[in-house]
Each structure stands twice: as C-alpha cells, then as structure tokens.
Amino acid sequence: YTVNASILNLIGNLSLKDIRPRHCQDIMNHQKDKSASQISKVYQALNFLLKKAIQEKLLNENPAEFIEKPAGTTRKRRSLTENEQEVFTKIAKTDRKYYGYLLMLYCGCRPSEAYRCKREDIILVEDVNLLHIKGTKTANADRFVPLQSWLYDLVKECHPSEFICITSAGHKITDNYMRKMWQSYKRKINLEMGCKTYRNQLIEPYPLPPDITQYCLRHTYCTNLAKSGVDIRTAQKLMGHSDISITANIYTHIDNADVIKAARLLDKNLKRGT
C-alpha cells in the first residue's frame, strides 16, 4: 500500500531514467502532515526501490540519496473511556467484519494480527479458551491470550478454517478494505453517540474524538490489564512486546492517573478541614 499510494501515484507514470531528485523530494513533501512513522516507511520504500533498480543496472545512481524527510507529527495514543469502550463493543458485535476490533480491544491484537486470526486458533486449556495470535512483528509477537467467554460465544460457530473477521461477502480483509471499514465503523459509532446528520452526512461536532485510531483499542487492552492488577511481565507477554519498557510506559500512565486521583481526593478532604 505504501508504494502504491505514496510513491507510484506520483511517479508511476515516469520511466526510471526520468526520475529526478525533485520528483523524490516531492514524494516526501506530500507526507509532511503525516506521522513520523509513515514518513519513514515511505522514505525507506522509495530508497529500497531505487537501490534495487541500481543493483539490476536499470539506474546508475540513486536520485533519492540526498532528499530530506519532513519532520512529521507525533501522535500520542490514548485509551478509550468506559463509555467509548461500551459503544465500540456494541457496534463491533453487529457485524462480523467488525470482529477484528473486538480482538484488538479484548485480546490486544495488532490490526494486522486481528485479521489473520482464524477460528482454529482458539484452543481450550484447563477450561480456559486461549487465542493463538501468530504475530511476526517482534520475537514475542507469537503468543497465547485469554479469550473472554462472551467473545468465544460470538465466534465459536465460525468454520475452523475461516478467518474470524471477514468481509460482508465472506472474504479476507485486505488493507484497502480495512481502511474503508474503519471509516464506516467510526461513522456508526458517531451515530450511536448521537451525532446529527443532514442528507445522510454527519454534522460537526462529532461525538467521537478525532484522535482515536485502531491502535487505541490495543492500547486500551493494555490499560485494562494494568487496571486489573495484571503483573507487568505477564502484560508484556500478552501484548507481544519485545521490550518491557513499552509496556511500562502504559503502566506509568496508569500510575500517574492514580496519583492525580489521589491528589484530588486529598485536596477535597483538606478543604473540608478548613
């Protein structure tokens, strides 16, 4: 997707010998409002393609060698509120194509992991249903996580060889379908939250905050582990984090929230004593 949407859309009509540094810089300039991670992906993909062309003797030099990357934006992920979790869950239950969001929110799947999960990946161990997440991002990504009973009941009738999350036509979720599906999912959530419409178009302000991404669901899972008192090393395994510091950052956020809550309680009690 990165190559097609961010590179070929801009220079796909050029032959390799006609690609100039200004074309490559234009590709990066089009990414200026994107995340730093997205910018790095485009930069690496562009250089990979051009270096490969040099290896194949289709180019003599890399026209992207000295281009500059825009700074990009840094987005801090947050957890869903209790009300948001309730609405997200309610809407996700209505259609099997949305089941992937349940796997992110209640099993800690990354988006790519959620759409690869099959019914046969669920196993029973000592009366507990476990989901085998066959992740590949890190050394710890291949893992087993507990599957809540209500969620198991929702997917248990799926054919063993089928993906848990499939399109309305019964097919595997593709990257392109995933992006469109996220937009339709958010639209339904906004409507559920009371968003008004005019001629079938949502009217601002939208009840659902714009800072929510799919990864917020996975972040919420980790937050809920912390709130439930799950040991941080166990949480690291359940999340598939290679570095415990990543898990600790989320746990630290929870700790800070508890400190703030305590501070407000103390302030309230002190005021009573005056």
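Observations on the structure shown:
- Loop-resident trypsin sites (Lys or Arg not before Pro) (DSSP state other than H, G, I, E or B) in the range 198-263 with no more than 15 further Cβ atoms inside 10 Å of their Cβ: 199.
- Extension gain for residue 139-residue 33 works out to 35.0 nm (0.36 nm per residue, less the C-alpha to C-alpha distance).
- Loop-located chymotrypsin sites (Phe, Trp or Tyr not before Pro) in the range 52-103 whose Cβ has at most 16 other Cβ within 10 Å (DSSP): 66
- For the chain, the antiparallel share of DSSP beta bridges with both residues in that region comes to about 95%.
- Values (1) 75, 45, 28; (2) 59, 57, 40; (3) 74, 59, 49 are given for comparison; Cα extents along the principal axes in Å, derived from the coordinates here, is the one labelled (3).
- Relative contact order [Cα under 8 Å, 6+ residues apart], the range 1-143, whole percent: 16 percent
- When 80, 191 are compared by accessible area at a 1.4 angstrom probe, the order from most to least is 191, 80.
- Candidates 224, 29, 200: whichever shows maximal mean-square fluctuation once the chain is modelled as a Gaussian network with Cα springs under 10 Å: 200
- Cβ-derived FRET efficiency at R0 30 Å, residue 17 paired with residue 112, nearest 0.05: 0.25
- Value at 222 nm in deg cm²/dmol, rounded to 500, when DSSP H runs of n ≥ 4 in the chain each add -39,500 (n - 2.57): -15000 deg cm²/dmol
- Computed over the chain with a Gaussian network model linking Cα atoms closer than 10 Å, the most mobile of 264, 78, 187 is 264.
- Accessible surface, per residue, of the chain when the full set of protein chains is kept, probe 1.4 Å, Å²: 61 Å²
- Most mobile listed residue (155, 145, 125) in the chain, GNM with C-alpha springs under 10 Å: 125
- Loop GluC sites (Glu not before Pro), the range 59-155 (other Cβ atoms within 10 Å of the site Cβ: 11 or fewer; DSSP): 61, 65, 68, 126
- Shown for the chain are the DSSP H helices of 20 Å or more along their axis, judged by Cα atoms, with a mean Kyte-Doolittle hydropathy of at least -0.5: 36-55, 244-273.
- Largest first, the residues 159, 132 sort by 1.4 Å accessible area into 159, 132.
The values are calculated or read from the model by the stated rules, or taken from the named source; none is laboratory data. Everything quoted here is computed from the prediction, not taken from an experiment. Note: ideal-geometry Cβ built from the backbone for every residue, glycine included; neighbour counts use all protein chains shown. Heads up: the accessible areas ignore ligands, DNA and RNA and are worked out on the full protein's heavy atoms, side chains in. Shrake-Rupley method; radii C 1.70, N 1.55, O 1.52, S 1.80 Å.
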